[in-house]
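Report on one structure; see the data block that follows.
The values are calculated or read from the model by the stated rules, or taken from the named source; none is laboratory data. These numbers come from a predicted model, not from an experiment. Don't worry about glycine lacking a Cβ; one is built from the backbone with ideal geometry, like all the others, and counts go over all protein chains shown.
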Amino acid sequence: MKVLSLIVGLGLLSSLSAQENKVWTLKECVDYALENNISVKQSELDKNIAIEDVKVAKWNFAPNLNASASQNFNFGSSIGVSGARIPADFRSNNFGINSSVNLFDGFANVHSLKQSKLNVEAQDAAIAKMKNDIALNVVNAYLQILFAKEQFKVAQSQLEISEGQVRRIEELYKAGVLAEGDLLNIKSTMANDKQSLIVAENTITITSLNLAQLLQLEGMSIEVEEVSVDIQNQTILGNDVSTIYNKANESFPEIKLAELNILSAEKSVKIARASYYPSLTASFGMNTAYQHRQSTTDISPFLFSDQISDNLGQSVMFSLNIPIFNRYQFRSNVNKSKINYEKIKYNLESEQLRLQQTIQTAYTDALASSKSYDAATTSVGAQTKAFDYAQERFKAGAINSYDFNQIKNNLVNAQSQLIQSKYDFMFKLKVLEFYFGVPFAGK
């Protein structure tokens, strides 16, 4: 048993280690989130309930069938012909089978079946909307990790530069070429760079944990693969806002859900109106009654006679129900269903307006991000040249450490701004492509 426990334990550790060392692609993250998200699973169960409602609505057209059985015992007496009281005990058994079918109900069952089918489609649309939201959140969290990693590389590179400068200044200080103040300044810069590196490393840990939690992985961070995206490919921006909106309006689940809700509300109105129609029901029955009676004769109370009867009967009945006055209940139900129908129609207009505004904002943000990315690229190019020139001058003693650090900080800020604008632009392009129906990139 101990050996078996050890083997199982090693197997679990190996599995956990493999999971922690796994490098996730963007597609794997999105697929895993969609397959394992608890809210999605709950919505799929709601869909199963809607499917059961369809089955119930179909069976409402079928006749019902019920069987019944009873046994009765009666005890008593009666006055015979001779005037004497004689006992009259008997027992009876009754067996019956009854069935009824709704011949006409104002088409309420027909509309209920159609409505239940619409509700299944609405559940599909609701699930699709939920999956879209999850996918966008996963993509954003994934890109945040990549952004944090690039920030870490910048911080690491700047620390290496500072460490090299400290070694050089120490030699010059020992040689008496530079004052101690220059050495202290560059050491202070190196300390700040170390702090920036620690912050960047913590940001990677936090963003990785955020993605792991979004995927609902237990107690672990996540390692992701670099995404190769051609940020120069801005084909989506060649479309205007109305083109992107029209494409989204045709396929987005929010719009589909709102349209299905309108159709379902329309069926509710028809179901409510069906209460004004006469209803016709047919009933069929078959009953058997068996009775056994034992009593004394009028000649002598000590003589008994048995009386047995067996009755068999069938029945057919048609019931017509005509509503005449119902204390305004039927009319009120119809009016409320009409009001709800009009209210739900506004929901479609609201969803379409919200989608249009969202796409307009996303398009404007993408254009602004494109300009910001271009400006940041230009800035990094200029700051890199300025830093290279300052580095040569600093080595030659033409500028002091304070001025050199200022130029170095300008380069760091420009690089950070470039990374931020790059991933911001990348995400906004992804959002626009998402509305246009382009699937997320990834292996």
Cβ pairs under 8 Å, 6+ apart or interchain, first in the range 360-381 and over 27 Å from L411 (Cβ atoms), second in a helix (DSSP H, G or I) and of a type in the set (V, I, T), ordered by first then second residue, are Q360/V241; A362/V431; Y363/V241; Y363/I244; A366/I236; A366/V431
F330 fails exactly one of (1) touching a helix residue (DSSP H, G or I) at 6+ places or on another chain (Cβ under 8 Å); (2) modelled with pLDDT of 90 or more, namely (2)
Across the range 121-142, the tally of residues that are in contact with an Asp or Glu (Cβ under 9 Å, 6 or more places away or on another chain), crowded, with 19+ Cβ neighbours inside 10 Å and of a type outside the set (G, A, S) stands at 2
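Name the one entry in V438, V431 that is of a type outside the set (G, A, S) and outside any helix (DSSP H, G or I).
Details: V431 fails: outside any helix (DSSP H, G or I).
Testing whether each residue is of a type outside the set (G, A, S) and outside any helix (DSSP H, G or I) leaves just V438.
Go through E160, E201, E150 for me and flag whichever is charged (D, E, K, R), over 24 Å from E225 (Cβ atoms) and in the same structural domain as Q415 (by TED's automatic domain parsing). Show your work before the answer.
On the way: E201 fails: over 24 Å from E225 (Cβ atoms); E150 fails: over 24 Å from E225 (Cβ atoms).
That would be E160, the only listed residue that is charged (D, E, K, R), over 24 Å from E225 (Cβ atoms) and in the same structural domain as Q415 (by TED's automatic domain parsing).
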When every residue in the range 290-323 that is part of a loop (DSSP other than H, G, I, E, B) and at pLDDT 85 or above is compared, the one surrounded by the most Cβ atoms within 10 Å (Cβ to Cβ) is P323
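So for the range 258-273 (the condition being at pLDDT 90 or above, of a type outside the set (A, V, I, L, M, F, W, C) and more than 29 Å from the chain's Cα centre (by Cα)), does at least one residue qualify? Lay out the reasoning, then the answer.
Taking the range 258-273 as the starting set, the residues that turn out to be at pLDDT 90 or above are 258-273.
From what is left, the residues that are of a type outside the set (A, V, I, L, M, F, W, C) are 259, 261, 264, 266-268, 270, 273.
Filter once more, keeping what is more than 29 Å from the chain's Cα centre (by Cα): 270, 273.
Taking every residue of the range 258-273 in turn, at least one turns out to be at pLDDT 90 or above, of a type outside the set (A, V, I, L, M, F, W, C) and more than 29 Å from the chain's Cα centre (by Cα).
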Going through (1) assigned to a helix (DSSP H, G or I); (2) farther than 26 Å from T361 by Cα; (3) of a type in the set (G, A, S) one by one, S221 fails only at (1)
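Quick grid of which residues meet (1) modelled with pLDDT of 85 or more; (2) crowded, with 18+ Cβ neighbours inside 10 Å; (3) within 24 Å of S196 (Cα to Cα):
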position: A376; (1), (2), (3): yes, yes, yes
position: E392; (1), (2), (3): yes, no, no
position: G397; (1), (2), (3): no, no, no
position: I407; (1), (2), (3): yes, yes, yes
Selection from the range 348-379 of residues of a type outside the set (S, T, N, Q) and farther than 29 Å from L263 by Cα yields A362, Y363, D365, A366, L367, A368, K371, Y373, D374, A375, A376
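In the range 193-235, what residues are under 21 Å from A33 (Cβ atoms), small (G, A, S) and modelled with pLDDT of 80 or more? So that I can check it myself, show each step before the final result.
Keep residues of the range 193-235 that are under 21 Å from A33 (Cβ atoms), which gives 204-227, 229.
Still in the running and small (G, A, S): 208, 212, 219, 221.
S208, A212, listed by residue number.
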Does K428 satisfy the condition of being under 44 Å from the mean Cα position of the chain (by Cα), assigned by TED's automatic domain parsing to the domain that holds R167 and modelled with pLDDT under 90? yes
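Select from the range 169-184 the residues that are buried (at least 17 other Cβ atoms within 10 Å of the Cβ) and not aromatic (F, W, Y) and write down the one among them that is modelled with the lowest pLDDT. Can you show your working first?
Step one: filter the range 169-184 for residues buried (at least 17 other Cβ atoms within 10 Å of the Cβ), giving 169, 173, 178, 182-183.
Applying the additional criterion that residues be not aromatic (F, W, Y) yields 169, 178, 182-183.
Values: I169: 84, L178: 77, D182: 80, L183: 84.
Residue satisfying both the conditions and the ranking: L178.
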* Asked: Does the range 382-390 contain any residue that is at pLDDT below 85 and more than 30 Å from V139 (Cβ to Cβ)?
  -> no
